[in-house]
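A short worksheet on the structure shown next.
The values are calculated or read from the model by the stated rules, or taken from the named source; none is laboratory data. Owing to the predicted nature of the structure, the values given are computational and were not obtained by experimental measurement. Note that we place each Cβ from the backbone using ideal geometry, even for glycine, and neighbour counts take in every protein chain shown.
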Amino acid sequence: MEPQSIRAQCEDAGVELVRLLYVGNDGHIHGHSVKRAHLEDALESGIQLPTLIQSFNALGMRVKDADFDAVGEVRLVPDRSTFRVLDHEDSVAAVCCSLYETDDQTPWAADPRSALSGFISTLADEGVVPSTALESEFHFYTPGDEGGADDEPHGTRGLYATASMREFNEIVLETIDALESQQITVTKHCPEYAAGQHELVTKHREGLTAVDDYVFLRETVAAIAESHGFETTFLPFPFETATNGCHINLSLWNDSNLFAPTDADRALSPMGRHFVGGVLDHLPALLALTSPTVNSYARLQPQSGAAAFCCWGIGNREAAIRVPELPADKRESATRIEFRPADNTANPYLSLLGLLAAGWDGVQNETDPGLPLDEDPGNCRDELLDQRGIERLPTTLGEALDALEQNDVLRSALGEQLFDSYLTVKRSEWDVFTDSAGTWQQDIFREAF
């Protein structure tokens, strides 16, 4: 889309500010706003940013010994194809951006979106295109008066409760309308088990588009909830007995679905099985990208519907990888894998990059995933798990980061600069958590001991 066309759309819609959005190592969505009068220059060459943006962690802390400090700049360059007018906000549009060196031509080696784009190009050279949809779970809640201690999830509790549908019908309809005005097709909404918990499922999209759509979805859900007096949280474990995931549905295509089986007795093609084998092979390290906060591991518990074991299964929602059960006439179009141990604290570009890199390594090496597990691994005897080689996933962020540090496949996919800066930032979060152990819950332990 040409800058003149974007400016004309802004004038027609009365847009005064255009947000330039990006996601950093911290997993947060960030941005700058540009006035319409200065838009064309920003669309052509971007705006200047300090490199130290990649040295902040999810706690909002600048990591002092990180890879980037006060010296150095890059440019935030819009991908003009992602431009959308935000009809649900006053006089605002937005566009997703990548980070470039100051020459405006060279992608910055520490930019997650550019790294994913590069890997997708590598797959394209092999005649392969990923088709992806991210399922986003989140909570509506009412802010309390005690700095978060008395926040309360709002709504009726109960799996797929129609009472919750009725309570939030106006907000959900408004959100869907806003998303579809941005060319994001919502295929399903459902209330989840916990009070105030909901899920929106969007249509599969190719390449980067699915992740860009997810960024816009996050922003849209939050904005519309705020207009109705609610806060939203996408945190993996926001309240007791409540979790939020971001399941990644993925298939690979050329002219047809490369995961679709030709054998009616199988759920996946050989390529699909090898892809699953690669993901399982790299899963402990992959979690550091897809479940990248301390809070993530409170979600990844047995029999919580979030996946706690390194296994795959057909229709198995306790497996790390679920292959949905499909009727025969849907296999060609809808066969896919659903990666379950992913959440919304991740940088979504890194989540998909890691998943693609792990799976593609399995395709290249024809990695055998073993037999699918047809029962809840949390109910399996230890002897069966040992026999099948099914292990518990990492139980802490520190354990996952240790696995990531040793993983050459993911290191290569991210590139040294992005890999090292990401690892340093996430190590800082783990260090803050472990350093707090000395004072954590002193009042409770005083009473107990």
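Would you be able to say whether some residue in the range 25-37 is assigned to a helix (DSSP H, G or I) and modelled with pLDDT of 95 or more? Walk me through it before giving the result.
Residues of the range 25-37 that are assigned to a helix (DSSP H, G or I), as a first pass: 36-37.
Within this subset, residues satisfying the condition of being modelled with pLDDT of 95 or more are none.
So far as the range 25-37 goes, no, none of its residues is assigned to a helix (DSSP H, G or I) and modelled with pLDDT of 95 or more.
What are the residues in the range 243-260 that are farther than 19 Å from Ala319 by Cα and modelled with pLDDT under 95, if any? Can you show your working first?
Residues of the range 243-260 that are farther than 19 Å from Ala319 by Cα, as a first pass: 252-258, 260.
Correct list: Asp255 only.
Does Ser5 count as assigned to a strand (DSSP E or B) and of a type in the set (S, T, N, Q)?
Values: assigned to a strand (DSSP E or B): no; of a type in the set (S, T, N, Q): yes.
Answer is no for this residue.
Within the range 38-56, take every residue that is assigned to a helix (DSSP H, G or I) and either polar (S, T, N, Q) or in contact with an Asp or Glu (Cβ under 7 Å, 6 or more places away or on another chain) (or both) and give me the one that is nearest to Ser181 (Cα to Cα). Before you say what the answer is, go through the steps one by one.
From the range 38-56, those assigned to a helix (DSSP H, G or I) are 38-45, 51-55; that's our starting set.
Still in the running and either polar (S, T, N, Q) or in contact with an Asp or Glu (Cβ under 7 Å, 6 or more places away or on another chain) (or both): 45, 51-52, 54-55.
Working: Ser45: 27, Thr51: 34, Leu52: 35, Gln54: 32, Ser55: 35 Å.
Step by step, filter the range 38-56, then rank; the result is Ser45.
If Thr396 satisfies all but one of (1) buried (at least 20 other Cβ atoms within 10 Å of the Cβ); (2) touching a residue at least 24 places away in the same chain (Cβ under 8 Å), what's the number of the condition it fails?
Of the numbered conditions (1) buried (at least 20 other Cβ atoms within 10 Å of the Cβ); (2) touching a residue at least 24 places away in the same chain (Cβ under 8 Å), the odd one out for Thr396 is (1).
Which ones in the range 318-336 are out of contact with any Ser or Thr (no Cβ under 7 Å at 6 or more places or on another chain) and closer than 30 Å to Asn295 by Cβ?
Passing the criteria: Glu318, Ala319, Ala320, Ile321, Arg322, Val323, Pro324.
From the list Gly144, Gly127, pick out the single residue that is free of Cβ contacts under 8 Å to residues at least 24 places away in the same chain, in the same structural domain as His189 (by TED's automatic domain parsing) and over 17 Å from Gly354 (Cβ atoms).
Gly144
With the structure loaded, tell me whether Phe168 is assigned by TED's automatic domain parsing to the domain that holds Ala342, of a type in the set (Phe, Trp, Tyr) and either within 29 Å of Phe275 (Cα to Cα) or in contact (Cβ under 8 Å) with a residue 60 or more places away in the chain (or both) or whether it fails that test. Outline the logic, then answer.
Working: assigned by TED's automatic domain parsing to the domain that holds Ala342: yes; of a type in the set (Phe, Trp, Tyr): yes; either within 29 Å of Phe275 (Cα to Cα) or in contact (Cβ under 8 Å) with a residue 60 or more places away in the chain (or both): no.
Criteria not met by Phe168.
Please report, ordered by residue number, the helices (runs of 4 or more DSSP H) entirely within the range 85-188 with at least 1 residues that are within 30 Å of Arg36 (Cα to Cα). Break it down stepwise before answering.
Values: elements: 112-125, 162-167, 169-181.
By residue number, 112-125, 169-181.
Please go through the range 197-229 and pick out each residue that is among the polar types (S, T, N, Q), crowded, with 16+ Cβ neighbours inside 10 Å and assigned to a helix (DSSP H, G or I). Talk me through it step by step, then tell me what you get.
Step one: filter the range 197-229 for residues among the polar types (S, T, N, Q), giving 197, 202, 209, 220, 227.
With crowded, with 16+ Cβ neighbours inside 10 Å added as a condition, the list becomes 197, 202, 209, 220.
Once the filter is applied, which keeps residues that are among the polar types (S, T, N, Q), crowded, with 16+ Cβ neighbours inside 10 Å and assigned to a helix (DSSP H, G or I), the range 197-229 yields Thr209, Thr220.
Which of the residues that make up the range 1-49 are without any contact (Cβ under 8 Å) to a residue 24 or more places away in the chain and not small (Gly, Ala, Ser)?
Asp12, His30, Val34, Lys35, His38, Asp41
Is there a residue in the range 13-20 that is farther than 21 Å from Ser428 by Cα, of a type outside the set (Val, Ile, Thr), in a strand (DSSP E or B) and touching a helix residue (DSSP H, G or I) at 6+ places or on another chain (Cβ under 8 Å)? Let's see the steps before the verdict.
If we filter the range 13-20 for residues that are farther than 21 Å from Ser428 by Cα, which is where we start, we get 13-20.
Within this subset, residues satisfying the condition of being of a type outside the set (Val, Ile, Thr) are 13-14, 16-17, 19-20.
Keeping just the survivors that are in a strand (DSSP E or B) gives 17, 19-20.
Applying the additional criterion that residues be touching a helix residue (DSSP H, G or I) at 6+ places or on another chain (Cβ under 8 Å) yields 17, 20.
Taking every residue of the range 13-20 in turn, at least one turns out to be farther than 21 Å from Ser428 by Cα, of a type outside the set (Val, Ile, Thr), in a strand (DSSP E or B) and touching a helix residue (DSSP H, G or I) at 6+ places or on another chain (Cβ under 8 Å).
Could you tell me how many of the residues in the range 164-196 are closer than 15 Å to Ala133 by Cβ and either of a type in the set (S, T, N, Q) or crowded, with 20+ Cβ neighbours inside 10 Å (or both)?
Residues flagged as closer than 15 Å to Ala133 by Cβ and either of a type in the set (S, T, N, Q) or crowded, with 20+ Cβ neighbours inside 10 Å (or both) within the range 164-196 amount to 5.
Name the single residue, out of those in the range 251-300 being in a loop (DSSP other than H, G, I, E, B) and within 19 Å of the chain's Cα centre (by Cα), that is surrounded by the fewest Cβ atoms within 10 Å (Cβ to Cβ). Talk me through it step by step, then tell me what you get.
Pass one, the range 251-300, residues in a loop (DSSP other than H, G, I, E, B): 254-256, 258-269, 291-295, 300.
If we keep only those that are within 19 Å of the chain's Cα centre (by Cα) too, we end up with 291-295, 300.
Values: Ser291: 27, Pro292: 29, Thr293: 25, Val294: 21, Asn295: 19, Leu300: 27.
Per the stated criteria, the residue is Asn295.
Give me a count of the residues in the range 64-93 that are farther than 25 Å from Thr424 by Cβ and in contact with a helix residue (DSSP H, G or I) (Cβ under 7 Å, 6 or more places away or on another chain). Full working, then the answer.
Taking the range 64-93 and keeping what is farther than 25 Å from Thr424 by Cβ, we get 78-93.
Retained after the next criterion (residues that are in contact with a helix residue (DSSP H, G or I) (Cβ under 7 Å, 6 or more places away or on another chain)): 78, 80, 82-85, 87-89, 93.
Within the range 64-93, residues that are farther than 25 Å from Thr424 by Cβ and in contact with a helix residue (DSSP H, G or I) (Cβ under 7 Å, 6 or more places away or on another chain) number 10.
Please specify each residue of the range 98-116 satisfying the condition of being among the small types (Gly, Ala, Ser) and out of contact with any strand residue (DSSP E or B) (no Cβ under 7 Å at 6 or more places or on another chain).
Step one: of the range 98-116, the residues among the small types (Gly, Ala, Ser) are 98, 109-110, 114-115.
The answer is Ala109, Ala110, Ala115.
Could you please find all residues in the range 41-62 being of a type in the set (A, V, I, L, M) and over 25 Å from the mean Cα position of the chain (by Cα)? Full working, then the answer.
Of the range 41-62, the ones of a type in the set (A, V, I, L, M) are 42-43, 47, 49, 52-53, 58-59, 61.
Listed by number, the residues that qualify are Ala42, Leu43, Ile47.
Counting only residues that are touching a Lys or Arg at 6+ places or on another chain (Cβ under 7 Å) and of a type in the set (S, T, N, Q), which one in the range 59-111 is surrounded by the most Cβ atoms within 10 Å (Cβ to Cβ)?
Ser98
In the range 9-30, what residues are over 24 Å from the mean Cα position of the chain (by Cα) and acidic (Asp, Glu)?
Glu11, Asp12, Glu16
So if I check each of Pro341, Pro327, which one is under 29 Å from Phe234 (Cα atoms) and of a type outside the set (Phe, Trp, Tyr)?
On the way: Pro327 fails: under 29 Å from Phe234 (Cα atoms).
On inspection, the qualifying residue turns out to be Pro341.
Take Pro302 and decide whether it is modelled with pLDDT under 95 and within 30 Å of Val425 (Cα to Cα).
On the way: modelled with pLDDT under 95: yes; within 30 Å of Val425 (Cα to Cα): yes.
Taking the combined requirement at face value, the residue satisfies it.
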